[in-house]
Amino acid sequence: MQNAGYKQFCPLAMAAEVLCTRWTMVLMRELIAGTTRFNDLRRGVPKMSPTLLSQRLKELEEAGVVRRHALSSEKGVFEYRLTDAGRDLRPVVEAMGFWGQKWVESSLSLRNLDPSLLMWDMRRNLNPAPLPKARVVVQFLYSDLPASKSHWWLVIEPDGGVDLCWSDPGFEVDLYVTTDLRTMTSIWMGLTTVEKARDAIDLTGDRRIAASIQAWLGLSPFAVQKKLVA
């Protein structure tokens, strides 16, 4: 940040010097959501290079927004935890997200489709409460993607833990969800629902799990905001 600056004493300008560099607010979204480890942060910002991620984390640490902690249980592994200053940014991040959900055109958002980011966010926000109190495996098949990116598994454990798998985890699948990436992204963003998109989504397997998909599917935290532009 040494080379950046608006040369103004205004608190907004000073805050912008810390927060408005490329990728910083998106990285803050991940930290606010509770992600602490470098590799997990990379999953939340998959198009951000590891070098730039390291740089932004260092800058946020220097600004007093995050603090790096070494894990005694894993040599060479660190966690990046928000400080009081970092936690104070939650309403700022949420306000920007709700503004984008409300005012940015849907067509612009849906140009930026990314299956890995979508599935990572779905894993993080999934609500296990409506599911059976046993291991539940849901396989997503995106019919419009190449084979290397079309198959994803969510494994929900009885204790509520959720794992995302890029390869077959070896468990019996309870529900197959076959659709295209744009449709699932629209559902995740709250632009449509599973019921309204039934012509573009096929659910095969446990009927109870299929019937409750809208309740357990991990939607965007901003999906509750009604969009005011098409």
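The values are calculated or read from the model by the stated rules, or taken from the named source; none is laboratory data. All of these numbers come straight from a predicted model, not from anything done at the bench. Virtual Cβ from ideal backbone geometry, glycine too; neighbours counted across all protein chains shown. Areas reflect the complete protein model, heavy atoms only, side chains present, ligands, DNA and RNA absent. Shrake-Rupley method; radii C 1.70, N 1.55, O 1.52, S 1.80 Å.
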Exactly one condition in (1) modelled with pLDDT under 95; (2) among the small types (Gly, Ala, Ser); (3) under 28 Å from Glu30 (Cβ atoms) is not met by Ala215; state its number.
(1)
Matching residues in the stretch 4-54 - criterion: being open to solvent by 50 Å² or more (accessible area, probe 1.4 Å), more than 13 Å from Val93 (Cβ to Cβ), in contact with a helix residue (DSSP H, G or I) (Cβ under 7 Å, 6 or more places away or on another chain) and not hydrophobic (A, V, I, L, M, F, W, C)
Tyr6, Arg42, Arg43, Pro46, Pro50
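Would you confirm whether or not the stretch 97-104 contains a residue that is closer than 15 Å to Ala15 by Cβ, assigned to a helix (DSSP H, G or I) and open to solvent by 30 Å² or more (accessible area, probe 1.4 Å)?
Within the stretch 97-104, none of the residues are closer than 15 Å to Ala15 by Cβ, assigned to a helix (DSSP H, G or I) and open to solvent by 30 Å² or more (accessible area, probe 1.4 Å).
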For a quick check of your reading: which helices (runs of 4 or more DSSP H) sit entirely within the stretch 1-64 and have at least 2 residues that are farther than 27 Å from Asn125 by Cα?
11-19, 50-62
